[in-house]
Amino acid sequence: MNNGQDFEVKERERQIRRKIFYLTFAALGLILGGFLVWKLSGLILPIIVGGLLAFLFRPVKERFRIRWLPHELQVLCSFAAIGVALFFAFNTLRKHIPDEEQKLEFRVRLQYKLNEKYRQLVAKSPEGKSNAVVPLIEKEVGPVMDKINRALELKPEERDLFLKYCAGYNGKPPVEKKFFDYFRANQNAGRYVIPEKPPTETVPPTTVAAASTPPPPAEEGTSLESKLSAWMLAPLIFFFLGFDNGQIRRFFISLVPNRYFELSLTVLDRLDEAIGNYLRGTLTDCFLVALTLTLGLILLGIPVGIAIAIGIVSGLSSAIPFLGTVIALGIGVGYALIAENIRPLIPGLNPNDLALYVVILIIITRVLEDVVFQPFVLGSAVNVHPLVVIIAIVSGSLIMGLWGMLFAIPAVVVVKTAVATFFKELKDYRII
């Protein structure tokens with residue numbers, strides 16, 4: 001009896017020591033983890049990107065699974081297949097990336113076409129009558145047009161370079177004469193709103209001296225080098241995780257006590273399934289959006305190469321909810337405004353209203369994405385309320401900018417799946 005009581009007392013003391021040890025170890029781990037996250041915050045994003053790339057790479061690796069072939073050779077074959085695919089994709093897209101001349105020409109054409117559309121909007125009728133809405137348009141849109149003109153206006157060195165291209169430069173044929181006429185028209189275009197001159201005030205000498213003092217030069221080179229060195233971590237993580245054959249997962253599972261082994265395994269499996277469904281569903285959704293926009297732009301008469309380029313950029317940007325539609329509108333309408341000699345494949349369409357047709361096409365694509373693509377492809381993987389999506393995207397943009405907007409929804413999916421699975425399993429196992 002005494003031996004049994006002594007054993008129970010020692011067992012209770014051991015359990016207390018074990019709990020104290022676990023709590024102390026967890027507290028130290030949280031403190032150390034918080035300190036590392038604070039000090040190494042620049043490495044978090046490359047680590048996440050490398051891990052997600054490795055996660056996307058896993059189905060490709062499974063395709064090359066051959067029993068008699070060593071695991072390392074299978075992974076190398078998978079890397080080779082991805083490298084060949086990326087090489088051909090890059091060579092195909094490189095043909096549609098505008099060079100220096102095309103960028104200057106695009107700005108000249110866009111500035112000219114926007115001014116032309118604005119003048120047509122505020123022009124008087126042939127009878128000399130002016131619409132009652134015209135003064136309001138001139139008051140509200142005029143300042144915006146002045147800002148757009150200042151943004152698109154070529155700098156002196158860019159004007160000299162464009163004139164060289166107009167005469168034939170760097171082994172390229174001369175620019176079309178009409179684009180040179182556009183350039184001249186842009187140079188002669190005045191401002192639509194004449195700003196009022198502010199009253200002259202005497203400025204104290206100290207203010208002038210303070211204003212003329214140049215700011216201290218920023219250490220851009222050091223910052224760029226540190227960012228590049230941090231991003232070198234992403235391909236390394238992708239490479240080493242690609243060779244992982246479950247060792248990392250088994251290591252972390254081995255640290256879990258036997259009582260919570262099945263619980264931890266279930267949570268990891270559900271997280272793995274949710275992340276995989278979201279990533280693969282998002283890629284499929286981006287592909288369907290790109291395909292829909294590309295086919296629609298081709299039917300509107302836009303050249304195939306330009307339509308593919310616009311479709312790919314818009315499709316990839318659709319991975320960020322709401323922002324993808326804005327980017328698609330900007331790119332599509334921007335090209336529609338400068339496009340010339342367009343012949344729509346759909347009879348009855350007026351080429352002069354191409355920008356309107358592009359807006360309608362993007363709206364139709366957005367409706368198809370919300371009603372058909374996402375419910376069919378993603379299913380229940382992203383069953384999140386739209387208000388939560390908006391809050392997550394805004395919060396992500398405030399914390400990490402564009403990358404935060406991109407990873408906001410996956411983070412919500414991970415947290416939602418982990419919390420829901422964790423509490424469900426705790427109740428099923430009668431732990432709580």
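Once the chain from Lys172 to Ile148 is taken as fully extended at 0.36 nm per residue, the excess over their C-alpha distance is 5.7 nm. Principal-axis analysis of the Cα atoms of the chain puts helix 100-122 at an angle of about 60° to the longest axis.
Between Leu36 and Asn341, what FRET efficiency comes out of the Förster formula 1/(1 + (r/R0)^6) with R0 = 60 Å and r the beta carbon distance, rounded to 0.05? About 0.50, to the nearest 0.05. In the calculated pair distance distribution of the stretch 65-164, what percentage of Cα-Cα distances lie above 22 Å? Summing the P(r) tail past 22 Å for the stretch 65-164 gives 62 percent.
Packing around the peptides 316-328, 167-179, taken as the average count of other Cβ atoms within 10 Å per residue, puts them in this order, highest first: 316-328, 167-179. This structure gives percent of Cα pairs over 28 Å apart, computed directly, and of [x] 53; [y] 42; [z] 69 that value is listed as [z].
Against the chain, whose longest principal axis comes from its Cα atoms, helix 354-368 is set at around 20 degrees. Computed over the chain, relative contact order equals 16 percent, with contacts defined as Cα pairs under 8 Å that lie 6+ residues apart.
The gain in end-to-end length when the Val367 to Glu140 segment is fully stretched comes to 78.6 nm, 0.36 nm per residue minus the alpha carbon separation. Against the main long axis of the alpha-carbon atoms of the chain, helix 134-152 sits at an angle near 70°. Taken along the Cα-to-beta-carbon direction at a fixed 7 Å, the label points for Arg184 and Arg94 span 3.8 nm. Backbone N atoms of the stretch 237-273 closer than 14 Å to the 7 Å Cα→Cβ label point of His71 belong to residues 240-252. Label positions at Lys19 and Val60, each projected 7 Å from the Cα along the C-beta direction, are separated by 5.0 nm. How high is the FRET efficiency from Glu158 to Val414, r the C-beta distance, R0 51 Å, rounded to 0.05? For R0 = 51 Å, the calculated efficiency reads 0.65.
Per residue, the accessible area of the chain comes to 68 Å², computed with a 1.4 Å probe over protein heavy atoms only. Using bins of 5 Å that start at zero, the share of Cα-Cα pairs per bin across the stretch 1-80 amounts to 3, 12, 10, 9, 8, 8, 8, 11, 10, 8, 6, 5, 2, 0, in whole %.
Carbon and sulfur together cover what percent of the accessible area of the chain at a 1.4 Å probe radius? Using a 1.4 Å probe with all protein chains present, the chain comes out at 67 percent carbon and sulfur.
The values are calculated or read from the model by the stated rules, or taken from the named source; none is laboratory data. Just so it is clear, the model here is predicted, and its values are computed rather than measured. Methodologically, a virtual Cβ is constructed for each residue, glycine included, from the backbone with ideal geometry; neighbour enumeration extends over all protein chains shown. Side chains included, ligands, DNA and RNA excluded: accessible areas come from the protein's heavy atoms. Shrake-Rupley method; radii C 1.70, N 1.55, O 1.52, S 1.80 Å.
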